[in-house]
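Right, one structure below, let's go through it.
The values are calculated or read from the model by the stated rules, or taken from the named source; none is laboratory data. These numbers were taken from a predicted model, which means no experiment stands behind them. Virtual Cβ from ideal backbone geometry, glycine too; neighbours counted across all protein chains shown. SASA here: full protein model, heavy atoms, side chains in, ligands and nucleic acids out. Shrake-Rupley method; radii C 1.70, N 1.55, O 1.52, S 1.80 Å.
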Amino acid sequence: MNKKFIFFLLIAFLLLQAFFISCYIPFNEWFSPSIIYTDDFPLHYGDMLDKKFFMNTYCSTWGYNPYQRAGTVANVIVGIDNNAWALWAFSLPFFSGAVAFKLYFIFLIFVIPLLLYGTARNFELGDGESFVCVVLGTLFVHTTICVDFIYWGTVSYISSVYLSLYIASLTYRFLKTREWPVLVLQTLLLGAALWIHIFTVLNCLPFIMVLYCAVVRRLPWRRLVLSMASLLTAAALTCPWLIPFIRMLDSSHINPVMTFYTTTDFFEWVNTYFFGKLLFNTYVVPFQKSVLIDRGLMLFGIWGLLLWKKEGAGVKAAACGYTIAFLFLLAYYGSFVNFTRSLTPLRFIIIMNLFLILPASSALCCLYKRLTNHRPVRVRLALVACFMLMLALLAARPYYHLFVKKEFQLRTQLPQELEQLITYIKNSTTDEARILIENSDWESGHQYGGGHFPYILPHLTGRQFIGNDFAYNPTKDSMISFFCGQLFQRPIETLRLEDVSPLCDLYNMSWVICWSQQAKTFFNRYPEYFLPDGTIERFFLYRIKRQPSFFIKGSGIARAEMNKIELKDLAPHQGEIIISYHWMKFLKTDPPLEVERVFYMDDPVGFIKLKNPPRNVLIYNNYK
């Protein structure tokens, strides 16, 4: 193949990728100020806005957020896949947050064919093999569970797997060619990939480690030192988010509620490869994915690895083979170990299949050569036509749902009932107390317009909430939740008023927004305390009959914003003030006082206590 043909091929696939992106975000929405409200996108958008604020104001990627969970550490453990999103928005100040958010999405998906071609060339695949790699890798993201991952908002992970594959290829190329620009590019891209998603560590570092183990005996010590220095430099590039992540690990825990992308079947891989039952097809998805893709990639991938070894590329075959084996074990057996279960291990099937695409491309080209050797041109053309027909048949159903039915188009217009909900919150509540809001996820059909809309309500209303965040976050304060009829991770129908009213006082909750029948039944059982305040479509509204106060002990006026809690007109009780905001180890005061922690009820974090404070105190995040 000549360079012109390859150039036009890449242009064609980039155009295809642009139209693929338009199935999610129509072309006329690319630069519009509208927000994406589908599935996890509100979570990422809210985290991006928070991090951008902290970057602009405090030169940090994280901070103390008083608008959720009675004060929580924002964007350290949970928002780990939004770091690059925020850095992108921070570096594009001339775009609105919504436009920058969408451009990031577009860019990550658009460059996939280029990454695939670069990966193939770095792994020394021929022109024909590189062509097949681009075709398979691009269609893979269009026809497999990747389309749903993107729709669900996990675009950062999909981007990281393709970028990880390219980074792995750069490592291989550097060890073969000793080209220093390649090492520099690998370092920068590995740092960038770690900003995009922390699972880059598991996506590409196993390959890098196996590769170095395979060549370490014959690798000059200087090049080995430089390679290790490259990895350390890439890690150093992540310091703005990695250091806070490490410092805040004591606030994390393995959440048993988190069960998505996991399996309970020890022989899940047998179901996939022998019985044709894809676990992802049991999810609520627009169309069933073809198991032929998984089977074909595994079959041709193994054949391709054997071909590489036979052709003398044993190191490449071993590095890819061991990496594929590691990812296979992690994906299908990670669900049976508590720690790896929390990593939602079935997602690693995606990167495993991408590593299989490389040797599979070589195997398909080998098969084509064997079938066409000494055959007339018409036979070759017939085989190419058959291959294209098979790809067309595999892509027909996905493309029908993508391009014709438009079932993957992301919501960018706010439903009327959510606009009414925002109006109600602004007009009928105040910042003197918090709002208890019942969240919803895929298990309950995303009651808020198909996404995690409650998460961005603090940005849209300026109010503080309990329940607007995930109930299955890997943080200790995730139990402070109201989720699908579960209040503080207990079925609400099992609770009594004497169980809930102390929580309302402790967390200063004065309004309720709920949607489930269990919640409605519970609150209607106590009309003298939970006063009905109307309905908006499926949402039931209540006012709580209590005196709002952010003071658990003592009294005064409390006003909070990001990284700050301002206390005025303090009147301590027995020389102490305890406020309904969570303690955090980096909180300091002006004037200086000891910020103590005190525990109430089952709260796992603890609340802020000040002894003998002056009349006015400012509590702030000191970051150290």
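Based on what the data block shows, is ASP47 within 30 Å of PHE550 (Cβ to Cβ) and in contact (Cβ under 8 Å) with a residue 12 or more places away in the chain?
Details: within 30 Å of PHE550 (Cβ to Cβ): yes; in contact (Cβ under 8 Å) with a residue 12 or more places away in the chain: yes.
Here the answer is yes, as ASP47 does meet what is asked.
Could you list, in sequence order, the residues of the stretch 167-208 that are of a type in the set (Gly, Ala, Ser) and farther than 17 Å from THR323 by Cα? Matches in the stretch 167-208: GLY191, ALA192, ALA193.
Residues in the stretch 275-284: is at least one at pLDDT 85 or above, part of a helix (DSSP H, G or I) and open to solvent by 70 Å² or more (accessible area, probe 1.4 Å)? Steps first, please.
Going through the stretch 275-284, the residues at pLDDT 85 or above turn out to be 275-283.
Still in the running and part of a helix (DSSP H, G or I): 279-282.
Imposing the further condition that a residue be open to solvent by 70 Å² or more (accessible area, probe 1.4 Å) reduces the set to 282.
Scanning the stretch 275-284 turns up at least one residue that is at pLDDT 85 or above, part of a helix (DSSP H, G or I) and open to solvent by 70 Å² or more (accessible area, probe 1.4 Å).
Counting just the residues of the stretch 14-57 that are open to solvent by less than 30 Å² (accessible area, probe 1.4 Å), over 30 Å from ASN439 (Cβ atoms) and hydrophobic (A, V, I, L, M, F, W, C), which one comes out nearest to the chain's Cα centre (by Cα)? Here the answer is PHE20. Applying the criterion of at least 1 residues that are modelled with pLDDT of 85 or more, among the β-branched types (Val, Ile, Thr) and in contact with a Phe, Trp or Tyr (Cβ under 6 Å, 6 or more places away or on another chain) to the helices (runs of 4 or more DSSP H) found wholly in the stretch 177-260 leaves 180-196, 200-215. Taken over the stretch 449-504, the criterion of being of a type in the set (D, E, K, R) and within 17 Å of VAL605 (Cβ to Cβ) is satisfied by ASP469, LYS476, ASP477.
Within the stretch 508-541, restricting attention to residues that are among the β-branched types (Val, Ile, Thr) and open to solvent by less than 40 Å² (accessible area, probe 1.4 Å), which residue is farthest from ILE557 (Cα to Cα)? Break it down into steps so the answer makes sense when it comes.
In the first step, residues of the stretch 508-541 are kept if they are among the β-branched types (Val, Ile, Thr); the result is 512-513, 521, 535-536.
With the extra rule that they be open to solvent by less than 40 Å² (accessible area, probe 1.4 Å), the set shrinks to 512-513, 536.
Numbers: VAL512: 23, ILE513: 25, ILE536: 32 Å.
Step by step, filter the stretch 508-541, then rank; the result is ILE536.
Counting only residues that are assigned to a strand (DSSP E or B) and over 15 Å from ILE456 (Cα atoms), the stretch 54-66 holds 2 of them. Tallying residues that are of a type in the set (Ser, Thr, Tyr) and closer than 27 Å to VAL99 by Cα within the stretch 400-447 yields 3. The set of residues in the stretch 466-505 that are open to solvent by less than 10 Å² (accessible area, probe 1.4 Å) and outside any loop (DSSP other than H, G, I, E, B) comprises ILE466, SER478, PHE482, LEU487, ILE492, VAL500, CYS504. Of all residues assigned to the stretch 66-82, at least one qualifies as being modelled with pLDDT under 90 and polar (S, T, N, Q). The one condition from (1) touching an Asp or Glu at 6+ places or on another chain (Cβ under 8 Å); (2) open to solvent by 40 Å² or more (accessible area, probe 1.4 Å); (3) not hydroxyl-bearing (Ser, Thr, Tyr) that GLY554 does not meet is (2).
When TYR37 is tested against (1) modelled with pLDDT of 90 or more; (2) farther than 20 Å from TRP152 by Cβ; (3) not in a helix (DSSP H, G or I), just one condition goes unmet, and that condition is (2).
Taking residues in the stretch 507-535 that are within 17 Å of ILE466 (Cα to Cα), and partners anywhere that are at pLDDT 95 or above and open to solvent by 70 Å² or more (accessible area, probe 1.4 Å), the pairs with Cβ atoms closer than 7 Å and at least 6 places apart or on different chains are SER510/ARG543; TRP511/ARG543.
For the stretch 570-611, filtering for residues that are of a type outside the set (A, V, I, L, M), open to solvent by less than 70 Å² (accessible area, probe 1.4 Å) and over 30 Å from VAL500 (Cβ atoms) leaves 4. For the stretch 526-536, indicate whether the set of residues that are hydrophobic (A, V, I, L, M, F, W, C), outside any loop (DSSP other than H, G, I, E, B), more than 29 Å from the chain's Cα centre (by Cα) and more than 25 Å from TYR581 (Cα to Cα) is non-empty. Among the residues of the stretch 526-536, at least one is hydrophobic (A, V, I, L, M, F, W, C), outside any loop (DSSP other than H, G, I, E, B), more than 29 Å from the chain's Cα centre (by Cα) and more than 25 Å from TYR581 (Cα to Cα), which makes the answer yes.
Table: residues versus (1) within 19 Å of LYS564 (Cα to Cα); (2) modelled with pLDDT under 95; (3) among the hydroxyl-bearing types (Ser, Thr, Tyr).
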| site | (1), (2), (3) |
| --- | --- |
| PHE8 | no, yes, no |
| SER22 | no, no, yes |
| SER32 | no, yes, yes |
| HIS44 | no, yes, no |
| ASP50 | yes, yes, no |
| ASN56 | yes, yes, no |
| SER60 | yes, yes, yes |
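Of the listed requirements (1) open to solvent by less than 70 Å² (accessible area, probe 1.4 Å); (2) farther than 27 Å from LYS51 by Cα; (3) in contact (Cβ under 8 Å) with a residue 40 or more places away in the chain, ARG178 misses just one: (1).
The rows are residues; the columns are (1) in contact with a Lys or Arg (Cβ under 7 Å, 6 or more places away or on another chain); (2) under 20 Å from LEU205 (Cβ atoms); (3) open to solvent by 10 Å² or more (accessible area, probe 1.4 Å).
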| residue | (1), (2), (3) |
| --- | --- |
| ALA84 | no, yes, yes |
| PHE94 | no, no, yes |
| LEU114 | no, no, yes |
| PHE123 | yes, yes, no |
| GLU129 | no, no, yes |
| VAL132 | no, no, yes |
| LEU139 | no, no, yes |
| LEU165 | no, yes, no |
| PHE174 | no, yes, no |
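Just checking, does the stretch 449-462 include any residue being in a loop (DSSP other than H, G, I, E, B), among the hydrophobic types (A, V, I, L, M, F, W, C), under 26 Å from the mean Cα position of the chain (by Cα) and farther than 30 Å from PRO572 by Cα? First the steps, then the outcome.
From the stretch 449-462, those in a loop (DSSP other than H, G, I, E, B) are 449-450, 452, 462; that's our starting set.
Now restrict to residues that are among the hydrophobic types (A, V, I, L, M, F, W, C): none.
No, every residue in the stretch 449-462 fails to be in a loop (DSSP other than H, G, I, E, B), among the hydrophobic types (A, V, I, L, M, F, W, C), under 26 Å from the mean Cα position of the chain (by Cα) and farther than 30 Å from PRO572 by Cα.
Among the residues of this structure, ASP81 counts as one that is closer than 16 Å to PHE105 by Cα and in contact (Cβ under 8 Å) with a residue 60 or more places away in the chain.
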